[in-house]
Amino acid sequence: MIRLVKAELQKVFTTRMVWGMLALSLGFTAIGLVALSLLSGMQGAPPITDPDGVKNLFSQAGVGLVFAFVIGTLLITGEYRFQTITHTFLVTPRRQRVVAAKLVACAGVGLFFGAAGIALAFAVGVPALLIKGGSLSLIDGDVVRLCAGVVAAMALYTILGLALGSLLRNQVAAIVVGIGWVYVLENLLVALLPSVGKWLPGGAAQAVYGVSSPLGGDYLPAWGGAALLVGYALLFAVVASATTIRRDIT
Amino acid sequence: MAAIEIRNLSKSFGAVRAVDDVSFTVEAGTVTGFLGPNGAGKTTTLRSLLGLVTPDSGEALINGRGYTDLAAPLSEVGAVLEATSFHPGRTARNHLRVLCTAAGLPAARADQTLGQVGLADVAGKRVAGFSLGMRQRLALATALLGEPKILILDEPANGLDPAGIQWLRGFLRFLADDQGCTVLVSSHVLAEVEQTVDDVVIIAKGRLIRQGTLAELTSNGDRGVRVSGPEVERLRPRLEAAGATVECPESGVLLVHGAQPETVGQAALDELVVLSELVRQRSDLEQVFLELTGDPAAPPGPDPVPALTETPGGTS
Ligand SMILES: Nc1ncnc2c1ncn2[C@@H]1O[C@H](COP(=O)(O)OP(=O)(O)O)[C@@H](O)[C@H]1O
Ligand SMILES: [Mg+2]
């Protein structure tokens with residue numbers, strides 16, 4: 001099983017796409033960090049030096065969720081698009097093992113994206129905080145919890161990509177549907193209908209981050225958000241395996 | 001035990017019965033041609049054998065077991081399949097390394113097999129720049145990774161230039177003769193494989209037409225010994241006395257059935273007849289193949305013209 005996970009990670013890291021997506025993810029994080037730091041305290045923008053501001057700042061580590069999602073999508077749709085799925089199943093004819101390996105590999109990729117985002121958040125956030133006259137003691141347990149949430153959300157969205165890709169099989173369709181959901185639909189629901197939105201993966205991620213809703217709606221408690229994320233991951237895992245295991249590969 | 005056994009295999013895709021109760025075996029150490037026109041069901045049969053397609057009924061076994069039950073499939077059977085490709089952004093070497101990792105084979109096998117198929121120079125190149133022939137060689141390299149004793153190739157000559165086909169023939173014979181491999185190779189063009197195979201399995205429209213040795217198939221097409229020379233007619237009594245039947249399709253030419261070329265030659269020596277030609281006539285193999293598979297693209301034979309087409313204004 002370990003060697004199958006290694007093989008899946010090797011698939012991800014032997015194409016250039018993963019680095020492009022990581023660059024985009026970090027790019028968005030960087031923009032968020034810089035913008036929040038520069039605008040801090042200006043024209044009614046919340047200062048980064050109060051506890052909520054700090055959380056908001058560090059939550060930028062996870063703004064690139066959608067790029068992790070894309071990598072998850074590619075890990076399965078790429079196999080169909082380039083017909084490498086045949087090789088994959090010839091090596092490992094027990095398909096549930098392939099699905100399991102892909103799920104674990106996706107979690108690993110999410111972890112990697114999350115860790116990279118967090119590293120960047122600290123690299124920019126700590127100096128920004130000091131420059132703005134904040135105290136490092138602001139980086140407390142809440143921030144640690146937030147970082148765990150970023151990693152969990154990244155892993156979940158990568159797995160979500162895998163699940164959606166398994167379902168749709170078409171690379172472009174999966175990416176368009178996924179981005180449309182993450183950037184538009186889900187954001188709208190989370191913001192406008194918090195009572196629904198808090199139950200969605202995006203809402204659950206926000207709950208784990210522990211940041212407050214922009215419109216004042218309430219999220220689940222952090223542990224509830226975490227449980228929900230795990231539940232979604234399990235659901236997606238079931239979707240991914242159910243759609244991959246029985247199909248004829250012709 | 002047969003290296004490969006297909007037993008009453010059937011598979012439908014919707015209304016299309018792609019494979020219909022097909023059974024055949026491939027003996028260890030032989031090169032078997034799996035022949036049939038396009039759409040005959042070759043790919044479906046081979047993919048069922050490899051666990052990629054689930055048959056509706058019947059079994060397809062490798063060394064007596066289903067593919068999904070093989071502990072180390074890559075070390076038992078290697079496959080080159082149609083409609084298989086590579087991620088264009090990954091290098092040839094990395095493609096093979098990924099498979100080595102998954103199969104638990106040493107990463108060094110990647111470069112070894114690339115060398116075997118003549119791709120050592122482009123091991124570090126992205127597959128995007130590869131020609132069809134190079135991809136076909138890379139596919140062959142994937143099949144060789146686990147040093148399997150059984151190889152299954154689906155239309156491997158597609159996309160190869162004549163030199164590539166020549167190379168492939170030699171390579172398959174090398175695998176069979178020197179490495180003791182069993183090879184099952186499909187093709188819709190008999191001429192592509194007739195120089196390479198020992199046995200043939202012919203299917204058409206999902207049904208098995210015939211299984212046998214290439215010699216059996218071609219002896220069916222034996223059209224006698226053709227002998228020509230100004231005075232060949234003088235051979236007729238001797239040949240007929242030897243039990244042969246003799247036709248004279250044109251003057252100065254005899255067509256002898258039921259006698260070996262040596263018998264005819266001996267007759268010519270005894271009668272002191274000058275010969276300009278002495279040859280065993282075979283019907284064109286491709287023609288035999290077309291007759292057997294009933295390929296609609298085959299040129300019409302001298303059959304009676306169907307009545308329908310003679311009726312003016314008849315529905316056709
Ligand atoms: N995935 C599929 N869906 C529908 N029909 C298929 C599929 N695969 C094969 N077929 C049909 O099954 C028949 C046999 O196809 P195939 O096994 O590819 O033949 P061959 O390899 O001999 O050309 C053809 O009529 C083909 O159209
Ligand atoms: Mg085919």
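The values are calculated or read from the model by the stated rules, or taken from the named source; none is laboratory data. Because the structure is predicted, anything quoted here is derived from the model rather than measured. Virtual Cβ from ideal backbone geometry, glycine too; neighbours counted across all protein chains shown. Protein only, heavy atoms only, side chains kept; ligands, DNA and RNA dropped before computing areas. Shrake-Rupley method; radii C 1.70, N 1.55, O 1.52, S 1.80 Å.
The convex hull defined by the C-alpha atoms of segment A:1-155 has an orientation-averaged projected area of 9.9 nm². All other residues whose Cβ lies under 12 angstrom from that of B:ARG210 are scored, Lys and Arg at +1 and Asp and Glu at -1, for a net of -2.
A dipole drawn for the protein assembly as shown from +1 and -1 charges on Cβ atoms has a positive end, and of B:HIS95, A:PHE28, B:LEU9 the residue lying farthest that way is A:PHE28.
Annotation: per residue accessible area for chain B equals 45 Å², rounded to a whole number [probe 1.4 Å, protein chains only]. Rolled with a 1.4 Å probe across the full set of protein chains, the surface gives A:MET42 an accessible area near 90 Å². Label sites at A:ASN170 and B:THR54, each approximated as a point 7 angstrom past Cα along Cα to Cβ, lie 2.5 nm apart.
Quick check on packing: order A:133-145, B:91-103, A:83-95 by the mean number of other C-beta atoms within 10 Å, highest mean leading.
Working: A:133-145: 14.1, B:91-103: 23.6, A:83-95: 21.4.
Descending mean neighbour count gives B:91-103, A:83-95, A:133-145.
Label separation (A:ASP248 vs B:LEU70): 2.1 nm, computed from points 7 Å beyond Cα along the C-beta direction. The lysines whose alpha-carbon is closer than 29 Å to the alpha-carbon of A:LYS132, local same-chain residues fewer than 8 away aside, are A:LYS55.
List the aspartates and glutamates whose Cα sits under 14 Å from the Cα of B:LYS149, skipping any in the same chain fewer than 8 residues away. Reachable aspartates and glutamates: B:GLU27, B:GLU76, B:ASP177, B:ASP178. Taking every C-alpha pair closer than 8 Å and separated by at least 6 residues, the mean separation divided by the residue count of segment B:1-102 gives a relative contact order of 28 percent. Summing +1 for each Lys or Arg and -1 for each Asp or Glu among the other residues whose beta-carbon sits under 12 angstrom from that of B:ALA242 gives -1. Can you give me the relative contact order of chain B as a percent, contacts being Cα pairs under 8 Å and 6 or more apart? Once divided by the residue count of chain B, the mean separation gives 19 percent. Solvent-accessible surface of segment A:2-246, averaged per residue with a 1.4 angstrom probe and all protein chains in place: 42 square angstrom. When a 1.4 Å probe is rolled over the protein heavy atoms, the share of accessible surface on segment A:2-246 that falls to carbon and sulfur comes to 72 percent.
Legend: mean number of C-beta atoms from other chains within 10 angstrom of residue C-beta atoms, peptide B:46-58, equals 3. The residues of segment A:55-91 listed by number as losing at least 30 Å² of accessible area in the complex, against the isolated chain and with a 1.4 Å probe, are A:PHE82, A:GLN83, A:THR84, A:THR86, A:HIS87, A:LEU90, A:VAL91. Convex hull volume of the Cα atoms of segment B:108-152, normalised per residue: 68 Å³. Averaging the sequence gap over all C-alpha pairs within less than 8 Å and six or more residues apart, then dividing by the number of residues, gives segment A:87-205 a relative contact order of 25 percent.
Net charge dipole, the protein assembly as shown: roughly 2660 debye, given to the nearest 20, about the Cα centre with Cβ charges of +1 for Lys and Arg and -1 for Asp and Glu. Sequentially through segment A:50-58, phi angles give Karplus couplings (6.51, -1.76, 1.60; θ = phi - 60°) of 9, x, 5, x, 4, 4, 4, 4, 6 Hz, Gly and Pro residues having no value and appearing as x. For the segment B:84-95, counting C-beta atoms of other chains within 10 Å of every residue's C-beta and taking the mean gives 5.
So what's the projected area for the protein assembly as shown, the Cα convex hull averaged over all directions, in nm²? Here the figure is 37.8 nm², rounded to one decimal. The lysines within cross-link reach of A:LYS6, meaning a Cα-to-Cα straight distance under 18 Å and a gap of 8 or more places when in the same chain, are A:LYS102.
Over the residues of the protein assembly as shown, the helix contribution to mean residue ellipticity at 222 nm works out to -16000 deg cm²/dmol, using -39500 (n - 2.57) for each DSSP H run of at least 4.
Between chain A and chain B, roughly 2700 Å² of accessible surface gets buried, counting both sides and using a 1.4 Å probe. Overall, the accessible surface of segment B:2-70 at a probe of 1.4 angstrom is composed of carbon and sulfur to the extent of 46 percent.
Projecting the Cα atoms of A:ALA123, B:VAL201, B:LEU119 onto the charge dipole of the protein assembly as shown, computed from C-beta unit charges around the Cα centre, puts A:ALA123 farthest toward the positive end. Counting every pair of alpha carbons in chain B, the share spaced more than 32 Å apart comes to 43 percent.
Only the Cβ atoms of Lys and Arg (+1) and of Asp and Glu (-1) were treated as charged; on that basis the dipole of chain B about its Cα centre amounts to roughly 1520 debye. Placing +1 on the Cβ of every Lys and Arg and -1 on the Cβ of every Asp and Glu, with nothing else charged, gives chain A a dipole about its Cα centre of roughly 1060 debye.
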